1. Go through region 94-116 residue by residue and tally those that are under 16 Å from the mean Cα position of the chain (by Cα) and either surrounded by fewer than 19 Cβ atoms within 10 Å (Cβ to Cβ) or farther than 23 Å from ALA234 by Cβ (or both).
2. Given (1) touching an Asp or Glu at 6+ places or on another chain (Cβ under 7 Å); (2) open to solvent by less than 10 Å² (accessible area, probe 1.4 Å); (3) of a type in the set (Gly, Ala, Ser), where does GLY185 come up short, assuming only one miss?
3. Any residue at all in region 144-161 that's crowded, with 17+ Cβ neighbours inside 10 Å, over 26 Å from THR94 (Cα atoms) and not acidic (Asp, Glu)?
4. Any residue in region 182-207 that is over 13 Å from SER157 (Cβ atoms) sitting within a Cβ distance under 6 Å of a residue that is open to solvent by 20 Å² or more (accessible area, probe 1.4 Å) and of a type in the set (Gly, Ala, Ser)? List the pairs, counting only those 6 or more apart or interchain.
5. Against the condition open to solvent by 30 Å² or more (accessible area, probe 1.4 Å) and over 17 Å from VAL85 (Cβ atoms), how does GLY175 come out, does it pass?
6. Condition check: out of contact with any helix residue (DSSP H, G or I) (no Cβ under 6 Å at 6 or more places or on another chain), more than 15 Å from ALA246 (Cβ to Cβ), of a type in the set (Val, Ile, Thr) and free of Cβ contacts under 8 Å to residues at least 40 places away in the same chain. Does THR164 satisfy that?
7. Quick test of your reading of the structure: SER124 fulfils all but one of (1) over 22 Å from HIS96 (Cα atoms); (2) hydroxyl-bearing (Ser, Thr, Tyr); (3) open to solvent by 50 Å² or more (accessible area, probe 1.4 Å). Name the failing condition by number.
Amino acid sequence: MTVLAVCLAGCGSPTGGDVSVGATPQFVEPSATSEAAPAPSATAPSQPAATSPSASASVSPSASASATGSATITTAKKVKYVFPVKASNVDWHTTHSKYKATDIFADCGESVVATTSGVILEISLKDVYVKGSPDGPNNGGLSVSLLGDDGVRYYGSHLSKVQTGIKKGVRVTAGQLLGKVGKTGNANGVCHLHYGISAPCAKVGDWKVRRGVVWPYSYLASWRKGGSKSPVAAVVAWKKSSNCKA
């Protein structure tokens, strides 16, 4: 893990696809009884124990929210969250260069799984990044973008492989294998998963939003311990204040 700082300025996102997705998704807000995430320490955990999260967040039938566009809080749903890398030896940054995202460090070849159930928005199967290029949609190398049932988009890049059968429009469940940790794209030669949380906005192609707009580390800390802290409120607030401009 001595190479953690190498990657702070190196992450980006892949070439956008042309997938056509249906109606604008609805955000789902967890109930007040959902487990809160532990406050992240200044130093990320060295080797946290492997966990198989199973907790889910319930939504009150009376939940409501105000957000721009047609994204609204839905009711009577349960959302399960899973830590996105299935490995015992994992570490991650609590900061990121230039924009709000997280680099999750694990050995190349470790499993990358779906954070929650949802539909694949777009994937990148070819690494066309050229070293030294300006930041752009090719930075992520091989990647997967998932629209969760909670209305939030989850993005992972620098993969060494996208799992067979993972294609745009395919439905996946929480914890399902999406690919393998790698160092494609602008990963500075370090095995890790670039992880971003965002509003779906244009759904595909909007790489500046897709790469991450809210800090993921507090949610990762919760999911790693089997918790169910939801990023919905932060994503709704960002969308309302930014009008999807990153």
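The values are calculated or read from the model by the stated rules, or taken from the named source; none is laboratory data. From a predicted model like this one, the values you see are computed outputs, not experimental measurements. In this analysis, Cβ positions are derived from the backbone assuming ideal geometry, glycine residues included, and neighbour counts consider all displayed protein chains. Areas reflect the complete protein model, heavy atoms only, side chains present, ligands, DNA and RNA absent. Shrake-Rupley method; radii C 1.70, N 1.55, O 1.52, S 1.80 Å.
1. Step one: filter region 94-116 for residues under 16 Å from the mean Cα position of the chain (by Cα), giving 94-96, 99-106, 111-116.
Next, from what is left, pick out any that are either surrounded by fewer than 19 Cβ atoms within 10 Å (Cβ to Cβ) or farther than 23 Å from ALA234 by Cβ (or both): 94-95, 99, 105-106, 111.
Number of matching residues: 6.
2. All conditions pass for GLY185, except number (2).
3. no
4. The qualifying pairs are VAL204/GLY16; VAL204/GLY17; GLY205/GLY16.
5. Numbers: open to solvent by 30 Å² or more (accessible area, probe 1.4 Å): yes; over 17 Å from VAL85 (Cβ atoms): no.
Spelling it out, it is not the case that GLY175 is open to solvent by 30 Å² or more (accessible area, probe 1.4 Å) and over 17 Å from VAL85 (Cβ atoms).
6. Working: out of contact with any helix residue (DSSP H, G or I) (no Cβ under 6 Å at 6 or more places or on another chain): yes; more than 15 Å from ALA246 (Cβ to Cβ): yes; of a type in the set (Val, Ile, Thr): yes; free of Cβ contacts under 8 Å to residues at least 40 places away in the same chain: yes.
It is true that THR164 is out of contact with any helix residue (DSSP H, G or I) (no Cβ under 6 Å at 6 or more places or on another chain), more than 15 Å from ALA246 (Cβ to Cβ), of a type in the set (Val, Ile, Thr) and free of Cβ contacts under 8 Å to residues at least 40 places away in the same chain.
7. (3)
Conditions tested, residue by residue: (1) closer than 19 Å to ASN139 by Cβ; (2) open to solvent by less than 30 Å² (accessible area, probe 1.4 Å).
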position	(1), (2)
CYS201	yes, no
GLY205	yes, no
VAL209	yes, yes
TYR217	no, no
ARG224	no, yes
GLY227	no, yes
VAL232	no, yes
